[in-house]
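Asks: Could you have a look at this structure, given as structure tokens, before my questions?
The values are calculated or read from the model by the stated rules, or taken from the named source; none is laboratory data. Not measured: the values here are computed from a predicted model. Cβ sites come from the backbone with ideal geometry, for glycine too, and all protein chains shown count toward neighbours.
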Amino acid sequence: MQIQTIQTNAFDDQKPGTSGLRKKVKVFQQPHYLENFVQSIFDTLLENGEVPAGATLTLGGDGRYYNRHAIQTIIQMAAANGFARVMVGQAGILSTPAVSHLIRKYQTFGGMILSASHNQGGVHGDFGIKYNISNGGPAPEKITDTIFAKSKVITQYKIANLPAVDIDHLGETDFGGMNGTGKFTVQVINAVQDYADLMQTLFDFSAIKQLLASGFKMKFDAMHAVTGPYAREIFINRLGAPTASLMNCEPSEDFGGGHPDPNLTYAEDLVRIMFAGDSAPDFGAASDGDGDRNMILGKNFFVTPSDSLAVLAANATLVPAYAGGIAGVARSMPTSAAVDRVAAQLNIPCFETPTGWKFFGNLMDAGKVTLCGEESFGTSSSHVREKDGLWAVLFWLNILAQKNKTNSTPISVAQILKSHWLAYGRNVYSRHDYEAIPTDAANGVIQHIKAQFDRLPNQTFASHTDKSYMVKTCDDFSYHDSVDGSVSHNQGIRILFDDGSRIVFRLSGTGTEGATLRIYLEAFEPDSTKHDVDAQIALAEMIQIALQISQLKERTRRTEPTVIT
Ligand code: VG1
Ligand code: CO
């Protein structure tokens, strides 16, 4: 194997966002663009010396367009940069939680995930790369900042002249090592079994199997993305569900032309099935491009991700892996405080972190939290260091199986939520996204809100009812990591009202077109007679206040959000 050193010019836009570097495919296709970023990752890892002898890199993606090309390039660059082995998913495909699990199970040095997650794929869609460290979790900000700094000054990268590696057949291929020394191995694995085995150690598969055999109907939508093969192994082969329980389970390079984003807008086919009245299945779920997100639906019922996290925490002891209780919980700042109420009752700590899974890693490594979640359809536990879509689906099924075992009248998803709200009160919640707006207008909105920070506290906003809303405090959220002492500023604007209601404004860090402004709305409703009110109606006044404070319509000329969840 010969190593070539290629001269290159730096790009100035390779800043990793909330979850890795995401750009249009055509941006990644520019000469040296991918290589520069990959070398910047390796240079960051190598800063303190060589890659340790025998180091393995785990590698896989969600199967989107450009995945195969990128896999070959990264294998060649890993060889040139001193890795002894690359463990790659068959056909180059691995879900994000599967990569996290493989890194941990086989104690590999780290992993690269090729995905732009829920963003559209295909030639005209998005591509992305993320680096995960040896705990299985996304690289923390300290590392991603260094990667960005290196990408701005890079002058050369190293690549080995390997022949194209067959990534479609399981097994190992050995190549001669760097400049004739040692050897370099590419191992093609099928991670589905490893992942399904892990799930089987966490959940009561025989109880879920019984539930599914009892006439309980489920529908899982893989949205033409990575979870299809995992879902088939788990639900059909291991849990005995009929094949009709699955839809869109063939991964495709452009996700069937759709948006692999499991929410009420983009998972419309599943939503239609689940809201079909009496004939609807009892349980529905979907996951995103790289398999780390989940949407949970009941018969004619939508579970907000924030509520889902709270329900999982409240019922964790029904699941074998968490039967002994959970150490603590964490949620991203914009996620509703529903889980905080559960934590208070369980007398366990609850942490509030910035958006993005990378902030949960330290808390899990330190044993401070077991369950984590984000309002953006992400939930998981310390079994991996990523969010995990199928894990959340199995958790719900395990809860339903247990609750229905001991009850003669079936208990539905909607009933679980209603009794949860009865016990804890309801944190009514919604997120409004304004996608692809001009960056200047988006920044203008944020500046305009910040400029009001001095006068907002104690200001009262009129209400159509006899209620009025007074601002208690407002700030731009900063996070102090209690484990490593790091501080992250500018993580989203919070406007907190004296009755516990809240509006959060944040710019997305995963978009690739203009800016996406997210408005997160929350109000606490203790009165159970009002728990059935639709969230958009219950939050109507919060929405008006948000528009008034932000001048969003005037500044962006948008009259409606593009996505409401
Ligand atoms: C979004 C979500 C965030 C999530 C991130 C990655 O980020 O809001 O909660 O962690 O996507 O998820 P942003 O910056 O666009 O709001 V995934 O499934 O794209 O890896
Ligand atoms: Co994702």
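Asks: Just one of (1) touching a His at 6+ places or on another chain (Cβ under 7 Å); (2) surrounded by 19 or more Cβ atoms within 10 Å (Cβ to Cβ) trips up Thr8, so point out which.
Replies: (2)
Asks: Need the failing condition index for Asn237 against (1) among the polar types (S, T, N, Q); (2) outside any helix (DSSP H, G or I); (3) away from ligand 2 (no atom under 16 Å from the Cβ), just the number.
Replies: (2)
Asks: Name the residues in segment 242-264 that are surrounded by fewer than 15 Cβ atoms within 10 Å (Cβ to Cβ) and either part of a loop (DSSP other than H, G, I, E, B) or modelled with pLDDT of 95 or more (or both), would you?
Replies: Scanning segment 242-264 gives Pro242, Thr243, Ala244, Glu250.
Asks: Limited to segment 271-309, what total is found for residues that are within 16 Å of ligand 2 (Cβ to nearest atom) and among the charged types (D, E, K, R)?
Replies: Number satisfying all stated conditions: 4.
Asks: Going through Asp307, Asp282 one at a time, which residue ends up being in the same structural domain as Gln200 (by TED's automatic domain parsing), in contact (Cβ under 8 Å) with a residue 60 or more places away in the chain, under 17 Å from Tyr429 (Cβ atoms) and not small (Gly, Ala, Ser)?
Replies: Criteria check complete, one pass: Asp307.
Asks: Name the single residue that is surrounded by the fewest Cβ atoms within 10 Å (Cβ to Cβ) among those in segment 69-122 being part of a helix (DSSP H, G or I) and within 16 Å of ligand 2 (Cβ to nearest atom).
Replies: His101
Quick grid of which residues meet (1) touching a Gly at 6+ places or on another chain (Cβ under 6 Å); (2) modelled with pLDDT of 95 or more; (3) over 27 Å from Gly176 (Cβ atoms):
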position	(1), (2), (3)
Leu46	no, no, no
Ala55	no, no, no
Tyr65	yes, yes, yes
Ile93	yes, no, yes
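Asks: Also, quick follow-up: So Thr5 ticks every box in (1) free of Cβ contacts under 8 Å to residues at least 60 places away in the same chain; (2) closer than 21 Å to Gly182 by Cα but one. Which box is left unticked?
Replies: (1)
Asks: Right, another one. Looking at segment 421-463, which of the residues that are within 16 Å of Arg558 (Cα to Cα) and among the acidic types (Asp, Glu) is farthest from the chain's Cα centre (by Cα)?
Replies: Only one residue fits best here, namely Asp440.
Asks: Return yes or no: is Gly63 on the phi > 0 side of the Ramachandran plot, within 16 Å of ligand 2 (Cβ to nearest atom) and part of a loop (DSSP other than H, G, I, E, B)? Please lay out each step first, then the result.
Replies: Working: on the phi > 0 side of the Ramachandran plot: yes; within 16 Å of ligand 2 (Cβ to nearest atom): yes; part of a loop (DSSP other than H, G, I, E, B): yes.
Considered against the rule, which asks whether it is on the phi > 0 side of the Ramachandran plot, within 16 Å of ligand 2 (Cβ to nearest atom) and part of a loop (DSSP other than H, G, I, E, B), Gly63 comes out as yes.
Asks: Considering only residues that are under 25 Å from Gln210 (Cα atoms) and surrounded by fewer than 18 Cβ atoms within 10 Å (Cβ to Cβ), which ones fall in segment 413-443?
Replies: If the condition is that a residue be under 25 Å from Gln210 (Cα atoms) and surrounded by fewer than 18 Cβ atoms within 10 Å (Cβ to Cβ), then Ala414, Gln415, Lys418, Ser419 are the ones that fit.
Asks: Say we look at segment 3-25 and pick out the residues that are assigned to a loop (DSSP other than H, G, I, E, B) and either outside the structural domain of Ala80 (by TED's automatic domain parsing) or within 16 Å of ligand 1 (Cβ to nearest atom) (or both); which of these is farthest from the chain's Cα centre (by Cα)?
Replies: Checking each candidate, the answer is Lys15.
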